[in-house]
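The values are calculated or read from the model by the stated rules, or taken from the named source; none is laboratory data. It should be emphasised that the depicted structure is a prediction, and the values quoted were computed from it without experimental measurement. For neighbour counting, all protein chains shown are included, and Cβ atoms are generated from backbone atoms with ideal geometry for every residue, glycine included. These accessible areas exclude ligands, DNA and RNA; they are computed on the full protein's heavy atoms, side chains included. Shrake-Rupley method; radii C 1.70, N 1.55, O 1.52, S 1.80 Å.
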Amino acid sequence: MTDAAIIDGKAFAAGLRDRVATAVAGLKRDHGLTPGLAVVLVGEDPASQVYVRNKGKQTLEAGMESYEFKLPDTTSQEDLLAKVHELNADPKVNGILVQLPLPKQIDEQAVLAAIDPNKDVDGFHVVNVGRLNTGSADALVPCTPLGCLLLLRDYFGGALSGKKAVVVGRSNIVGKPMFNLLLQESCTVTVAHSRTADLPAELGQADIVVAAVGRPEMVKGEWLKPGAVVIDVGINRIEKPEGGTRLVGDVDFAGASKVAAAITPVPGGVGPMTIACLLRNTVTAACRQNGIDEPSM
Ligand SMILES: NC(=O)C1=CN([C@@H]2O[C@H](COP(=O)(O)OP(=O)(O)OC[C@H]3O[C@@H](n4cnc5c(N)ncnc54)[C@H](OP(=O)(O)O)[C@@H]3O)[C@@H](O)[C@H]2O)C=CC1
Ligand SMILES: Nc1nc(=O)c2c([nH]1)NC[C@@H]1CN(c3ccc(C(=O)N[C@@H](CCC(=O)O)C(=O)O)cc3)C=[N+]21
């Protein structure tokens, strides 16, 4: 097989951000509404900093308001909950994102549960988890799996129905919502995890592979079905032999490219889609809160 096509998440995300910006301009013009996104970062987790770096900038570039709150890593749960309640009550804030992971003194589930579900642009509140699981139209869908789905829909031209998909990883933020989205597209979905008995055998059946494991280059090319479409969610920083670091995914890109029909790179694949989907969710949330029809994005 020749080398796989590259699914250019960076370019797709740029297009999506343009469509979001057009939607925002329409909301301002027709409704006097400027969507606002609040991001709360507690402490200094390196992965979260990678994410936050571009986000504020892209929010402003799309014509929206960005509100950033950096709290020390000694912040108490009570103080963080007070911040969330304040943002829930603020009509300028249409979307709220609390960066994960949180420092150990804070109960993550309690904080997520405190966010107004209709401002929960991460889609992590149990109400949105339940809405997604039951196929409700008012779900706010987690940004990373939504980004993966938009790339897959684009690649397959909508024809996902009946495809065999394997999602590797069962986290609440990627694996489980990805399972639900692919199931909703009428894929036949297997969710693999650390106790899966024979991962290569599962992957050998898959037309679509979504890898969200958190282990650098773990998924090997030889495990894939020839012609598979591979979405690599992993963001892992590894040491280069010559010194310094570089980002790699959860898939061995060089090996997989020889077998797959198409693959997302890292960086430049799913990562930029996550941020673009966050902006999209903020516009969606702002429209719903104001009883405005959602523009197509
Ligand atoms: N591009 C983006 O925007 C984003 C990227 N990420 C990246 O995606 C990756 C996954 O993130 P996240 O879901 O939060 O990670 P978690 O650590 O929460 O979950 C990892 C999952 O992988 C499974 N797993 C671990 N080892 C193996 C193995 N050897 N074989 C099969 N499955 C295994 C675990 O199984 P078990 O449940 O049994 O422990 C678990 O379900 C990370 O690299 C993260 O940095 C995350 C969010 C956004
Ligand atoms: N409440 C919450 N929601 C999240 O969605 C969330 C979170 N917490 N905590 C951290 C993880 C991680 N995450 C990333 C998003 C984009 C890139 C991204 O843009 N990556 C670029 C590379 C950036 C670089 O070059 O370093 C790329 O893949 O091309 C990375 C990581 C969102 N997360």
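Numbers below:
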{"item": "Residue in segment 85-104 that is surrounded by fewer than 18 Cβ atoms within 10 Å (Cβ to Cβ), hydrophobic (A, V, I, L, M, F, W, C), within 15 Å of ligand 2 (Cβ to nearest atom) and part of a helix (DSSP H, G or I) present", "result": "no"}
{"item": "Residue in segment 67-77 that is hydroxyl-bearing (Ser, Thr, Tyr), in a strand (DSSP E or B) and more than 16 Å from ligand 1 (Cβ to nearest atom) present", "result": "yes"}
{"item": "Flag for GLY123 being open to solvent by less than 10 Å² (accessible area, probe 1.4 Å), under 14 Å from the mean Cα position of the chain (by Cα), outside the structural domain of ALA165 (by TED's automatic domain parsing) and within 30 Å of ALA206 (Cα to Cα)", "result": "yes"}
{"item": "Test: LEU112 is away from ligand 1 (no atom under 15 Å from the Cβ) and either buried (at least 20 other Cβ atoms within 10 Å of the Cβ) or among the aliphatic types (A, V, I, L, M) (or both)", "result": "no"}
{"item": "Filtered residue count, segment 172-190, keeping only those that are open to solvent by 50 Å² or more (accessible area, probe 1.4 Å) and within 19 Å of the chain's Cα centre (by Cα)", "result": "6"}
{"item": "Breaking point among (1) away from ligand 2 (no atom under 16 Å from the Cβ); (2) among the charged types (D, E, K, R); (3) in contact with a Ser or Thr (Cβ under 6 Å, 6 or more places away or on another chain), for ASP232", "result": "(1)"}
{"item": "Test: residue in segment 22-45 that is on the phi > 0 side of the Ramachandran plot and within 15 Å of ligand 2 (Cβ to nearest atom)", "result": "yes"}
{"item": "Sole residue being hydroxyl-bearing (Ser, Thr, Tyr), surrounded by fewer than 18 Cβ atoms within 10 Å (Cβ to Cβ), touching a residue at least 12 places away in the same chain (Cβ under 8 Å) and under 30 Å from VAL209 (Cβ atoms), chosen from SER48, SER76", "result": "SER48"}
{"item": "Subset of segment 214-255 (residues that are out of contact with any Leu (no Cβ under 6 Å at 6 or more places or on another chain) and part of a helix (DSSP H, G or I))", "result": "GLY221, GLU222, PHE253, ALA254, GLY255"}
{"item": "Test result for SER194, within 8 Å of ligand 1 (Cβ to nearest atom), of a type outside the set (Lys, Arg), open to solvent by 50 Å² or more (accessible area, probe 1.4 Å) and over 22 Å from GLY123 (Cβ atoms)", "result": "yes"}
{"item": "Any hit, segment 132-150, residues being β-branched (Val, Ile, Thr), open to solvent by 60 Å² or more (accessible area, probe 1.4 Å) and within 18 Å of LEU97 (Cβ to Cβ)", "result": "no"}
{"item": "Qualifying positions in segment 240-264 - open to solvent by 50 Å² or more (accessible area, probe 1.4 Å) and within 16 Å of ligand 1 (Cβ to nearest atom)", "result": "THR245, ARG246, PHE253"}
{"item": "Members of segment 197-210 found to be aliphatic (A, V, I, L, M) and either near ligand 1 (Cβ under 8 Å from one of its atoms) or open to solvent by 70 Å² or more (accessible area, probe 1.4 Å) (or both), listed by number", "result": "ALA197, LEU199"}
{"item": "Criterion violated by GLU222 - all others in (1) in contact with a Ser or Thr (Cβ under 8 Å, 6 or more places away or on another chain); (2) more than 12 Å from ligand 1 (Cβ to nearest atom); (3) among the acidic types (Asp, Glu) satisfied", "result": "(1)"}
{"item": "So PRO267, is it assigned to a loop (DSSP other than H, G, I, E, B), within 16 Å of ligand 1 (Cβ to nearest atom) and either touching a Leu at 6+ places or on another chain (Cβ under 9 Å) or not assigned by TED's automatic domain parsing to the domain that holds GLY147 (or both)", "result": "yes"}
